[in-house]
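K.L.:
If you scroll down you'll find the structure; I have some questions about it.
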């Protein structure tokens with residue numbers, strides 16, 4: 001008698017979720033619809049057959065995120081660079097003293113009140129006509145009075161042989177102004193080259209001289225006050 005052999009038939013293995021996911025991705029790239037029951041959101045393939053939590057999608061970086069971040073960094077560094085290498089008259093303000101103008105003596109000297117102390121100031125880099133030079137000195141004085149506000153910023157440079165504070169003087173505001181330089185720009189003072197190596201003053205004097213402004217309107221001793229003082233024995 002021949003016994004019947006029982007054969008156990010195993011069901012065909014199901015295709016892995018990874019294979020299904022690749023097929024779904026292929027349909028999406030081609031723009032064709034996936035078979036019913038196989039459509040799902042284009043998320044990261046599930047691992048070990050697990051489905052991702054409902055409502056969660058993978059975080060994706062926007063294509064321009066790195067570019068925008070780089071541009072922001074460049075802009076920040078540029079701004080810091082501008083602050084570090086700002087023009088001298090802008091940088092000096094942070095180290096200066098705020099003072100009140102008490103008296104303007106002539107076109108290049110003033111008396112200030114700084115924190116309870118009276119300071120006699122000689123403007124750095126410039127030389128204005130002396131009182132003995134008449135109308136030229138009065139004209140320079142009037143101009144300095146006109147451009148100088150009551151409150152100024154003092155930046156000390158040195159002390160001269162008379163004990164005066166040699167300084168840069170600024171009119172503060174949205175666009176701070178260097179008063180020393182404005183006296184030269186308007187032709188109301190000459191560059192005191194023996195004590196000045198700032199190229200801005202040289203350029204300002206050349207422009208004023210070419211335009212015939214102030215002391216440059218006609219030749220004379222008013223253009224070289226230091227020589228006038230020397231002849232006077234001062």
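The values are calculated or read from the model by the stated rules, or taken from the named source; none is laboratory data. For clarity, every value in this text was computed on a predicted model and none was experimentally measured. Because the Cβ atoms are built from the backbone with ideal geometry, glycine has one as well, and the counts that use them run over all protein chains shown.
K.L.:
List pairs: first in the range 129-149 and on the phi > 0 side of the Ramachandran plot and free of Cβ contacts under 8 Å to residues at least 60 places away in the same chain, second buried (at least 19 other Cβ atoms within 10 Å of the Cβ) and assigned to a helix (DSSP H, G or I), Cβ under 9 Å, 6+ apart or cross-chain?
P.N.:
Close Cβ pairs satisfying both conditions: 134/222.
K.L.:
Answer yes or no as to whether residue 122 is modelled with pLDDT of 95 or more, surrounded by fewer than 14 Cβ atoms within 10 Å (Cβ to Cβ) and under 27 Å from residue 230 (Cβ atoms).
P.N.:
no
K.L.:
Report yes if some residue within the range 101-109 is farther than 30 Å from residue 216 by Cβ, out of contact with any helix residue (DSSP H, G or I) (no Cβ under 6 Å at 6 or more places or on another chain) and modelled with pLDDT under 95; otherwise report no.
P.N.:
no
K.L.:
Any residue in the range 167-182 that's part of a loop (DSSP other than H, G, I, E, B): show its pairings with residues that are surrounded by 14 or more Cβ atoms within 10 Å (Cβ to Cβ) and at pLDDT below 90 at Cβ separation under 8 Å, as long as the two are six or more apart or on different chains.
P.N.:
172/93; 176/89; 176/90; 176/93
K.L.:
Here is a follow-up. For the structure I just gave you, tell me whether residue 154 is part of a helix (DSSP H, G or I), modelled with pLDDT of 95 or more and under 17 Å from residue 102 (Cα atoms).
P.N.:
Considered against the rule, which asks whether it is part of a helix (DSSP H, G or I), modelled with pLDDT of 95 or more and under 17 Å from residue 102 (Cα atoms), residue 154 comes out as no.
K.L.:
Step by step: first the residues of the range 221-234, then only those that are without any contact (Cβ under 8 Å) to a residue 24 or more places away in the chain and not in a helix (DSSP H, G or I), then the one that is nearest to residue 127 (Cα to Cα). Which residue is that?
P.N.:
My answer is 234.
K.L.:
Same structure, new question: So, in the range 187-220, how many residues would count as being in contact (Cβ under 8 Å) with a residue 40 or more places away in the chain and more than 17 Å from residue 130 (Cα to Cα)?
P.N.:
Of the residues in that region, 4 qualify.
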